[in-house]
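What follows is a short report on a single structure.
The values are calculated or read from the model by the stated rules, or taken from the named source; none is laboratory data. In this text the structure is predicted, and so the values were computed from the model without any measurement. Heads up, the Cβs are rebuilt from the backbone with ideal geometry, glycines too, and the neighbour counts pull from every protein chain shown.
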Amino acid sequence: MLSSWAARIFRVDPKAALKLLLLAAALAYLAVAAWVWLAQERLVFHPMPAAPRPAAPAGWRIEALTLRMRDGVALDGALLLPPVEQPPLVIYFGGNAEDATLEAPEVEREYGPRAVLLVNYRGYGRSGGQPGEAAMASDALEIYDWAARRGDIDASRIALHGRSLGSGVAVPLAAERPVRCVVLTTPFASAVDVAREAFPWLPVALLMRHRFDSGRRAGSVKAPALFLVAERDEVIAPRHARRLAALWGGPAEEASFPGYAHNDISLAPGYGAAIRTFLDRHL
């Protein structure tokens, strides 16, 4: 027994040795929990460095953006405009380890002839500041309002697309601003639920500051939503997307992709077509 081994090492009786082992285990557990609390920004967010500016699809115009938020932080992004007058707009919120502007070459394949706004979160790409749930939610509102004021898009036809972490930004925005529809790729209802599966031995509900509780807001969103599910998702299990869909306040559709995982779902045949077909009906 460990207590007997500890008793021989520390020259104490087995009961005292057991108490020492339990105390050491408790202190180690508390130390790990404290580290998770203090370092969770590094655990939750994985900012990507700035990448070379991507090209727009043939015939499209790309406008490099620097959007200054009300607190002075500058966000980097790009607006892609198709060769049509007053197009509707899709605002894209990227995944956890993604430079959103790298989506530029894919916008025609995924969205058809619609303007697409790609803005990096704080700390991602060339954007300043540090990522955090409250700041990301506030920035999303400002990004939407900036886009709605533009005269070269149809502000009455705005859709949102959130991927993975971005679903936790898109859903609260959809609850606060008028949108025609919402596309959600590998989403979740609560980041706490996802974290519980990764760290079942930690009290993550007490530790997490960035909770991204989309399920709490989903019922108030009446716009139709498309849920894109990777059946082999090893990061966010499909049941998390389906739980969010069950809580959705408007019509909810699902497109599932057997054989594809969290990071390669967009390579699945039919992924872009599913989004375009959904947008054709609602945007």
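How about segment 247-270: which of its residues are over 18 Å from the mean Cα position of the chain (by Cα) and among the aromatic types (Phe, Trp, Tyr)?
Scanning segment 247-270 gives Phe257, Tyr260.
Check off (1) charged (D, E, K, R); (2) at pLDDT 95 or above; (3) surrounded by fewer than 24 Cβ atoms within 10 Å (Cβ to Cβ) for Arg196 and give me the number that stays unchecked.
Going through (1) charged (D, E, K, R); (2) at pLDDT 95 or above; (3) surrounded by fewer than 24 Cβ atoms within 10 Å (Cβ to Cβ) one by one, Arg196 breaks only (2).
What is the one condition in (1) within 26 Å of Leu89 (Cβ to Cβ); (2) of a type in the set (D, E, K, R); (3) in contact (Cβ under 8 Å) with a residue 24 or more places away in the chain; (4) surrounded by fewer than 24 Cβ atoms within 10 Å (Cβ to Cβ) that Arg163 does not satisfy?
The one condition Arg163 does not meet is (4).
Pairs, please: C-beta under 6 Å, at least 6 apart or cross-chain, first residue touching a residue at least 60 places away in the same chain (Cβ under 8 Å) and in segment 122-150, second polar (S, T, N, Q)?
Close Cβ pairs (under 6 Å, with a partner that is polar (S, T, N, Q)) amount to Gly123/Gln130.
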